[in-house]
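In what follows, a structure is listed as structure tokens, so that the remarks can point back to it.
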Amino acid sequence: MSYQLTSEVKQFLQELPKCEHHLHLEGTLEPELLFKLAKRNNIEFPQWFPKDIESCNVRYSQFKDLQDFLDHYYIGMSVLITEEDFYDLAIAYFEKAHKDNCHHSEVFFDPQGHLERGIDVKHVVEGFNRACKDANTKFGTTNKLIMCLLRHLPPKDCLDTVKLTAPFFEQGIVHGLGLDSSEVPNHPELFTESYEYLQNKYPHVGFTAHAGEEGDHTYVSKSLDHLNVTRIDHGINSHQNDELMERLAKEEILLSICPLSNVKLQVVEHVGQLPIDKFFEKNIPFSINSDDPAYFGGYILDNYLEVHRHFGFSVEDWGKIAINGIKGSWCDDARKDHLQKQVLDIVKKFQHIEIV
Ligand code: ADE
Ligand code: ZN
């Protein structure tokens, strides 16, 4: 089944106020900026890495799976050295998100990918934080940083990273903790100590984890049980288990779904194969996100459009999806109220349009 992206539908989805909850800042490194920074910082890539922008674009369209993508992603981030590099990367994303009417973003970064190259984590966080503040001033968007732990590294390394970066959580500069990288076979329970450390110290911090992307539904339930997360990144394999589906609805766990990413990493052949309709019918809150847009060929609006093409949600249903995204965000109640009003205005403006 395919629905038309009429000019009215496109206009509606463009204007609909959006929140993004699943975006890796290092995954916004477009090939243009990658080669510019490589030159600026005198970085050489391994022999097997694409040599220019064009070959990058070709190679990025052919990832075999998550690991194949990650191998490129970790080499890509090696061009990020100075505070200015981290700033340039993040502000470019915030500008693009603003153009897509994404009013609130909660964005990931991977400190261990930089620490292991000898980069001072202060440069990483300060560059990203300065971009968050400037984006607020320039574009009026609100933005929060979520630090992710790399699950392919030893749990002890993750705990050391959490301890090293604890002052940023204390000061509210970093707002959340997440878990990413190679999901299988790096089970969530290996990282309990890192999560507990921050949960005991800073109850205001938000907790999430990638789960059920390539891993099966047990990765999702174990993240809820052992990491006490209130959000799940991806979570698409949750549909394999009815009990888990009921739990997600009952506990209002937001799934941050990344449709184009799932296609590019060959988790599904096309967006229509994702269980997005099931999640909607079962009242499981979800948001639509871009994950690593520079690698997967689309930012947040592109993901909304592709979901519409396959599922043809009504204007009212899209309003509900947008409001669930706001409710599942980690911004304060005043900001949530403001965003919800903006969504209701747009839903009203476009309520007449026909979905065909
Ligand atoms: N790091 C960046 N993107 C990721 C993804 N989609 N899954 C796991 N780790 C990631
Ligand atoms: Zn991700």
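The values are calculated or read from the model by the stated rules, or taken from the named source; none is laboratory data. Predicted model only: the values in this text are computed from it and were never measured. Neighbour counts are summed over all protein chains in view; Cβ atoms, including those assigned to glycine, are modelled from backbone coordinates with ideal geometry. Just so you know, the surface numbers come from the protein's heavy atoms only, side chains and all, with ligands and any DNA or RNA stripped out. Shrake-Rupley method; radii C 1.70, N 1.55, O 1.52, S 1.80 Å.
Just a few scattered comments:
Quick grid of which residues meet (1) touching a Pro at 6+ places or on another chain (Cβ under 7 Å); (2) away from ligand 1 (no atom under 16 Å from the Cβ); (3) not small (Gly, Ala, Ser):
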{"position": "PHE207", "(1), (2), (3)": "no, yes, yes"}
{"position": "HIS239", "(1), (2), (3)": "yes, yes, yes"}
{"position": "GLY272", "(1), (2), (3)": "no, yes, no"}
{"position": "PHE280", "(1), (2), (3)": "no, yes, yes"}
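- LEU145 vs. criteria within 16 Å of ligand 1 (Cβ to nearest atom) and not small (Gly, Ala, Ser): yes
- Residue match in segment 240-252 (condition: within 16 Å of ligand 2 (Cβ to nearest atom) and either charged (D, E, K, R) or buried (at least 16 other Cβ atoms within 10 Å of the Cβ) (or both)): no
- Within segment 102-126, considering residues that are within 17 Å of CYS258 (Cα to Cα) and out of contact with any helix residue (DSSP H, G or I) (no Cβ under 6 Å at 6 or more places or on another chain), the one nearest to ligand 1 (Cβ to nearest atom): PHE108
- With respect to the conditions (1) in contact with a Lys or Arg (Cβ under 7 Å, 6 or more places away or on another chain); (2) closer than 15 Å to GLY176 by Cβ, ARG231 lacks only one, and its number is (1).
- Failed item in (1) under 22 Å from LYS156 (Cα atoms); (2) surrounded by fewer than 20 Cβ atoms within 10 Å (Cβ to Cβ); (3) among the small types (Gly, Ala, Ser), with SER194 passing the rest: (2)
- Among residues of segment 219-240 that are free of Cβ contacts under 8 Å to residues at least 40 places away in the same chain and part of a helix (DSSP H, G or I), those with a beta-carbon under 6 Å from a residue that is open to solvent by 10 Å² or more (accessible area, probe 1.4 Å) and within 16 Å of ligand 1 (Cβ to nearest atom) at least six positions away or on a different chain give the pairs ASN237/ASP216.
- Selected residue (criterion: nearest to PHE94 (Cα to Cα)) from residues of segment 294-324 that are among the small types (Gly, Ala, Ser) and away from ligand 2 (no atom under 16 Å from the Cβ): ALA322
- Matching residues, segment 254-293, being in a helix (DSSP H, G or I), within 15 Å of ligand 2 (Cβ to nearest atom) and open to solvent by 10 Å² or more (accessible area, probe 1.4 Å): LEU260, VAL263, LYS264
- Top-ranked residue of segment 192-209 - restricted to ones that are in contact (Cβ under 8 Å) with a residue 40 or more places away in the chain and within 16 Å of ligand 2 (Cβ to nearest atom), ranked as nearest to GLN266 (Cα to Cα): THR208
- Flag for LEU177 being buried (at least 21 other Cβ atoms within 10 Å of the Cβ) and either in contact (Cβ under 8 Å) with a residue 24 or more places away in the chain or charged (D, E, K, R) (or both): yes
- Some residue of segment 1-11 being in contact (Cβ under 8 Å) with a residue 40 or more places away in the chain, of a type in the set (Lys, Arg) and on the phi < 0 side of the Ramachandran plot: yes
- Any chance TYR299 is out of contact with any Ser or Thr (no Cβ under 6 Å at 6 or more places or on another chain) and among the aromatic types (Phe, Trp, Tyr): no
- Within segment 140-155, residues that are closer than 16 Å to HIS210 by Cα have Cβ atoms under 6 Å from residues that are part of a helix (DSSP H, G or I) and open to solvent by 30 Å² or more (accessible area, probe 1.4 Å) in these pairs: PRO155/LEU190, counting only partners at least 6 apart in sequence or on another chain.
So that you can scan it fast, the table gives a plain yes or no per residue for (1) within 16 Å of ligand 2 (Cβ to nearest atom); (2) more than 28 Å from HIS308 (Cβ to Cβ); (3) not small (Gly, Ala, Ser):
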| residue | (1), (2), (3) |
| --- | --- |
| GLY27 | yes, no, no |
| PHE35 | no, yes, yes |
| ARG40 | no, yes, yes |
| PHE45 | no, yes, yes |
| GLN62 | no, no, yes |
| PHE86 | no, yes, yes |
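- Here ARG231 meets the list (1) surrounded by fewer than 20 Cβ atoms within 10 Å (Cβ to Cβ); (2) within 16 Å of ligand 1 (Cβ to nearest atom); (3) at negative phi almost entirely, failing just condition (1).
- So LEU70, is it within 16 Å of ligand 2 (Cβ to nearest atom) and on the phi < 0 side of the Ramachandran plot: yes
One line per residue, one yes/no per condition, for (1) within 20 Å of GLY297 (Cβ to Cβ); (2) of a type outside the set (A, V, I, L, M, F, W, C); (3) open to solvent by 40 Å² or more (accessible area, probe 1.4 Å):
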{"position": "LYS39", "(1), (2), (3)": "no, yes, yes"}
{"position": "ILE43", "(1), (2), (3)": "no, no, yes"}
{"position": "PRO46", "(1), (2), (3)": "no, yes, yes"}
{"position": "PHE49", "(1), (2), (3)": "yes, no, no"}
{"position": "ILE53", "(1), (2), (3)": "yes, no, yes"}
{"position": "VAL58", "(1), (2), (3)": "yes, no, yes"}
{"position": "GLN67", "(1), (2), (3)": "yes, yes, yes"}
{"position": "HIS72", "(1), (2), (3)": "yes, yes, no"}
{"position": "ASP85", "(1), (2), (3)": "no, yes, no"}
